[in-house]
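The values are calculated or read from the model by the stated rules, or taken from the named source; none is laboratory data. Only a predicted model underlies this, so the values are computations on that prediction, with no experimental measurement involved. Heads up, the Cβs are rebuilt from the backbone with ideal geometry, glycines too, and the neighbour counts pull from every protein chain shown.
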């Protein structure tokens, strides 16, 4: 027996392994089955909930209608008791005129001998034959007749209907033998209540149509609750299927390659590992740059602030003018370093996707004109002719601050690399779907090798007599232009100047 158990276990494990391997090899069928199972479970849960809610709505309707029947029976009993009291007063001779709502009164003895009559005539012979120990209630929709025995006297009263029609919607008042005295005959499940002291019964339809219809109006919501998760699950399943298939194909290709070409397979694995390491390194680098930029800005702000305090002598004279000059130099160096750290932080945020853009419609011509005016003094000091060709309004859809940042950077570079006596032109052009801002200079231009690296982070172009920055200005400009749905193009030739063109979406 022990040997049989040992032999059975590998067989069982083999069956389970095959059952587990089949879904992994048939991902589409597996996911489809899972989606159907999930949708079916939601549908079953929804169907059960619908049944529970239907039963609950029916119970609530029956409860409220039974309360309504009890209230109606109490009102009917009060109406009959008032008519009975008026009849007793008439029989006692204390009532000589008809009360409001009463059509007639009559009395007779138990043998049917007529007595006094007030108002309309009543069928006393028929009433006397019916009255025994219990009162009689007859009539119809227009009026109600009651007859009751008071000692040896039969008293009959004819008065207004028991109840008006509106309170008796889906309800009725029934007498002996099921005769309808008020309301309507009811078909279907009913609840009711007897009228205390009288041979009457009030019956009300148990399922109030308004309550049930109000519940059925919520059925689309239940359908959404059922179908919504199933549809979302199907969409996610489709996404995962594509990813699983891609990975399965890659794994199968690697297994095949390992079998046929093991050396190349090892090389591919190394390349994949190197790619993952490079991505992780780039992410870590961006996080480090962003963190360090924040850390550097705080002491720089303190250095700049205290240098201004010393330079301006807020707390009295420094004592020697050289200290003032040194404080001025410290402040200038701090501001310069602060700007460079700001560029690094801005670039890190762009790379990490944390740079917020607020797209709006504005006039690019007005913004570029402001940037040109801000740089006019710098151009004049270097004897560079800075001109902007006249242009009408050029409405674009972009981030105003980003466009100003790009334009200021391009114009600053043009003035930086253009020698004294050179020219810088700013031109705005419009076509069917875009507005272009072109900044053209007569500087040294770029070589073919330099053009291929334009827009690369930390790439600086060394020129004689030119102090370069961090090499992030063009990289930030290119990234901002792309994120706004635009483009930045540079056309240049060695010794022939540079044309930088920013294209933005036209509003």
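Would a scan of the stretch 386-393 turn up a residue that is surrounded by fewer than 16 Cβ atoms within 10 Å (Cβ to Cβ), more than 47 Å from the chain's Cα centre (by Cα) and at pLDDT 90 or above? Yes; the residues of the stretch 386-393 include at least one that is surrounded by fewer than 16 Cβ atoms within 10 Å (Cβ to Cβ), more than 47 Å from the chain's Cα centre (by Cα) and at pLDDT 90 or above.
I'd like the full set of residues that are exposed (fewer than 15 other Cβ atoms within 10 Å of the Cβ) and at pLDDT below 75, limited to the stretch 54-70. Residues satisfying the conditions are 54, 55. In summary, strands (runs of 3 or more DSSP E) completely within the stretch 397-507 and bearing 3 or more residues that are over 39 Å from the mean Cα position of the chain (by Cα) and at pLDDT below 90 occur at 487-492, 498-505.
Can you confirm whether residue 98 is modelled with pLDDT under 90, buried (at least 17 other Cβ atoms within 10 Å of the Cβ) and in a loop (DSSP other than H, G, I, E, B)?
Values: modelled with pLDDT under 90: yes; buried (at least 17 other Cβ atoms within 10 Å of the Cβ): yes; in a loop (DSSP other than H, G, I, E, B): yes.
Yes: the conditions hold for residue 98.
Here is the figure for the stretch 316-349: residues that are assigned to a helix (DSSP H, G or I), more than 18 Å from residue 303 (Cβ to Cβ) and out of contact with any helix residue (DSSP H, G or I) (no Cβ under 9 Å at 6 or more places or on another chain) total 2.
Remark: pairs (first residue in the stretch 261-286, on the phi > 0 side of the Ramachandran plot; second residue at pLDDT 75 or above and surrounded by 12 or more Cβ atoms within 10 Å (Cβ to Cβ); Cβ separation under 9 Å; 6+ apart in sequence or on different chains) are absent.
Do we have residue 371 as assigned to a helix (DSSP H, G or I), surrounded by 12 or more Cβ atoms within 10 Å (Cβ to Cβ) and at pLDDT 90 or above here? Yes.
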